[in-house]
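One structure is given below, encoded as structure tokens.
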Amino acid sequence: MTETPPEIPEMPDYRSGWIADIIVALNFLTRIPVRPNFLFDMSAMTTACRCFPLIGVLIGGLSATIFLIAYFIGLPLLLAALLCVATQILLTGALHEDAIGDVADGFGGGATRERKLEIMRDSRVGTYAVVMLILMIGMKVVAISSFENPFLGFSAILAASVCSRGAMVWAMHLMPSARKDGLGAAAGKPTLTSALWALGFTVLIPLIVLDPFLASIGLLTAFLAALILGFIAYRQIGGQSGDVLGSIQQISETGFLLALVSLLP
């Protein structure tokens, strides 16, 4: 007589809540192995995106800690900065770096909207992507290595990480989807409440960890960089996509860091 295998209980569907939203955002933005005890799809992003800046605290905090450790064990600032950026890439699985590379290839190599979108979906890496990644990673590494005060560097890395992920939420909220399918379309438009929560975290956290003047300059520069890229994306492909959102994260994070570096004595 064969035994009947025990029934595996079905997992409940996603229901919005702070813990659930943090778990969803972690699964979306990082490669940190956090397994949810509920079922969810991309539509959960309409509310879970309010936690994007909080995920920025985690990514920025961990990578900034690596920067501090490298500094205090006597490594050169340039190497400490490189290890910091490498940690960010490891935590996110190069999600946003891949995105800005795709956007560079698509916008640079496509003559029509349809061709740009086709190139962006192609997994092959072109010359524009390689050049863009060298420039973006290089600028971030050099900017971070310019913080001779390691604690200011820590705060700047964390604040830039938070701000850049908050910018993604507002790009999702304000811009139409460039595709009928794909990541940007599947995620949907965040609710206004979620977007306002994200904005609150995006502004408040940098103001807490940095001097208010430095934080304000960094935020304004990051938002301006995101706005410019959003305008370019709207002109090029008619809206946002997953690649555009990732590119906005990269460009606003870099803009935040460069703005602070420009104010250093």
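What follows draws every value from the coordinates through simple rules; no lab data is involved. Please read these numbers as outputs of a predicted model, since none were measured by experiment. Because the Cβ atoms are built from the backbone with ideal geometry, glycine has one as well, and the counts that use them run over all protein chains shown.
Near H96, within a Cβ-to-Cβ distance under 14 Å, what is the net charge of the other residues, with Lys and Arg +1 and Asp and Glu -1?
Neighbour charge sum, excluding H96 itself: -2.
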Review point. Toward the positive end of the charge dipole of the chain, about the Cα centre and with charges on Cβ (Lys, Arg +1; Asp, Glu -1), which of L245, A187, T221 goes farthest?
Key: T221
Point to revise | Positive-end extreme of charge dipole, region 97-209 - chosen from S123, I157, A111 (charges on Cβ) | key: A111
**Study point:** Rounded to the nearest 20 debye, dipole of region 1-148 from Cβ charges on Lys, Arg, Asp, Glu
**Key:** 460
**Study point:** Hz values of 3J(HN,Hα) by residue in region 39-46 - Karplus curve (6.51, -1.76, 1.60), Gly and Pro given as x
**Key:** 8, 8, 10, 5, 5, 5, 5, 4
Study note, to complete from the structure: Computed over the Cα atoms of the chain, the Rg and Dmax in Å are 19.2, 81
Check your understanding: Under a 5 Å amide H to amide H cut-off, with H placed in plane at 1.01 Å, what residues pair with Q240 once short-range neighbours are removed?
Key -> S177, A178
**Study point:** Qualifying lysines (Cα of each under 28 Å from Cα of K189; at least 8 residues distant if same chain)
**Key:** K116, K180
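Sort region 188-228 into rounded, prolate or oblate with this rule: let a ≥ b ≥ c be the square roots of the eigenvalues of the Cα gyration tensor; rounded if a/c is under 1.5, and if a/c is not under 1.5, prolate when a/b is larger than b/c, oblate otherwise. It would help to have the intermediate numbers written out before the result.
Details: a/c = 4.25, a/b = 1.49, b/c = 2.85.
Judged from the Cα gyration tensor, region 188-228 comes out oblate (a/c at least 1.5, b/c at or above a/b).
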Check your understanding: Under unit Cβ charges (Lys, Arg +1; Asp, Glu -1), what dipole magnitude, rounded to 20 debye, does the chain have relative to its Cα centre?
Key -> 540
Point to revise | Under the Karplus curve 6.51 cos²θ - 1.76 cosθ + 1.60, θ = phi - 60°, whole-Hz ³J(HN,Hα) for region 87-93, x wherever Gly or Pro sits | key: 5, 4, 5, 5, 5, 9, x
**Study point:** Extreme residue, positive dipole direction of region 45-153, given options A70, I100, L83 (C-beta unit charges)
**Key:** I100
Exercise for review: Only Lys, Arg, Asp and Glu count, each charged at its Cβ (+1, +1, -1, -1), so figure out the dipole size of region 152-265 about its Cα centre, rounded to 20 debye.
Suggested key: 300
Exercise for review: Pop out the ³J(HN,Hα) list for region 204-210 in order, Karplus 6.51 cos²θ - 1.76 cosθ + 1.60 with θ = phi - 60°, rounded to Hz; leave Gly and Pro as x.
Suggested key: 5, 4, x, 5, 7, 8, 10
Review point. How many angstrom separate the Cα center of region 43-109 from the Cα center of region 190-249?
Key: 15
Review point. Under the rule of -39500 (n - 2.57) per DSSP H run of 4 or more residues, summed and divided by the residues of the chain, what mean residue ellipticity at 222 nm is obtained, to the nearest 500 deg cm²/dmol?
Key: -24000 deg cm²/dmol
Revision key, fill the gap. In nm, the gap between the two label points placed 7 Å beyond Cα toward Cβ at T112 and L264 is 4.8
